[in-house]
Amino acid sequence: MLPDVYLYAIRNKDKEFSSISENNSKNRNILLTAKGIWIDYQPVSKSCVIAGVDSSYNMQHFQGFHLYVIDAACVTKEGNILAKEFIHKIGVLDRNQLEAKSLEIETNIAYKANNNVNLILVDGSLISRFVSVYPSVVKSVMDLIKEYRNIVFISKTSDSREIFKHMNSKVGDIYFFNHISSKAGYSKPHIITRYKESITVVYARLSDFSPLIKLEFPREITQQKVKGILDQLAHDSVSGYPYVLKLAHNTVVVSDNDIERLAGIYGLKNEVGAREVLRK
């Protein structure tokens, strides 16, 4: 089967690549628009108390049940854990349910830790939580953002098209901002509405030639406020990404070896139907 796929790719590479080519007239127009709403800005490092929230999950399949772990933590740059939570069970839970539970736990953690910091960064997209098929995910994030506003959701990758969808873009907004500048800066705040809540979307680069990140704020914010938050994020960032989020990820990650050790503790190493672990 794969030889057929390779042959198709060779014969149709120009056609398939045209949707993201800068030579595509539609893409050229979008790139011009992106240039018009991109603002060069070198953040001025500003210290404040920031914490990062992230979650992780992993599981191993057995015949008729799963062994799974979900955990989340809120961590400061010094490595202090302000809040943590985990779920560990033997039962039946599919991947979508695991992901939904991890998002709920992240929200709980952000809620618990909020009073201890100036700014909380949550790994992932706020908008994706609003389109979850699980009502509990939507409710948990709605409760959080109605009570607290000092929260920023940050994504390293994104395929969302909130900004250029009206121009019939076929790829995510981040693609176009990546192709119009490599300098530090940000895109003008773009406001969308979900469940009657305003969300501000901003793409930003904290230093020249660093990767773009997507910022989502659970409120309307001004350009001046965006600059202030970029100043705070730049104070403790590594390769253009907030250090506290890297630290939070390293704190919560559930590795394949972790699940295998748990399987050993429970005496499940030779259980019928054992399969490879699922890693986030």
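Computed values, structure above
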| read-out | value |
| --- | --- |
| Whole-angstrom gap from the stretch 137-174 to the stretch 177-225, using each part's C-alpha centre | 10 |
| Highest-fluctuation residue, ALA184, ALA51, ALA263 considered, GNM on the chain with Cα pairs under 10 Å | ALA263 |
| Residue with peak Gaussian network fluctuation, the chain [Cα springs, cutoff 10 Å], from LEU93, LEU245, LEU121 | LEU93 |
| Most fluctuating residue given options ASN108, ASN118, ASN58, as computed from a GNM of the chain linking Cα atoms under 10 Å | ASN118 |
| Amide N proximity, the stretch 218-240 versus TYR148 label position 7 Å along Cα-to-Cβ, cut-off under 13 Å | 218 |
| For ASP173, net neighbour charge (Lys/Arg +1, Asp/Glu -1) across residues whose Cβ lies under 10 Å away | +1 |
| The chain: calculated mean residue ellipticity at 222 nm from DSSP helix runs of at least 4, using -39500 (n - 2.57) | -11500 deg cm²/dmol |
| Under the Karplus curve 6.51 cos²θ - 1.76 cosθ + 1.60, θ = phi - 60°, whole-Hz ³J(HN,Hα) for the stretch 235-241, x wherever Gly or Pro sits | 4, 10, 10, 10, 6, x, 10 |
| Charge context of TYR148, other residues only, Cβ under 12 angstrom, K/R +1, D/E -1 | +2 |
| Correct choice for Kirkwood radius over Cα pairs in Å that was computed from the model, options (i) 20.6; (ii) 19.2; (iii) 19.9 | (i) |
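Every number in this text was worked out from the coordinates using simple rules, so none of it is lab data. Remember, predicted model here, so these are calculated numbers, not experimental data. Quick reminder, even Gly has a Cβ in these numbers, built from the backbone with ideal geometry, and neighbours come from all protein chains shown.
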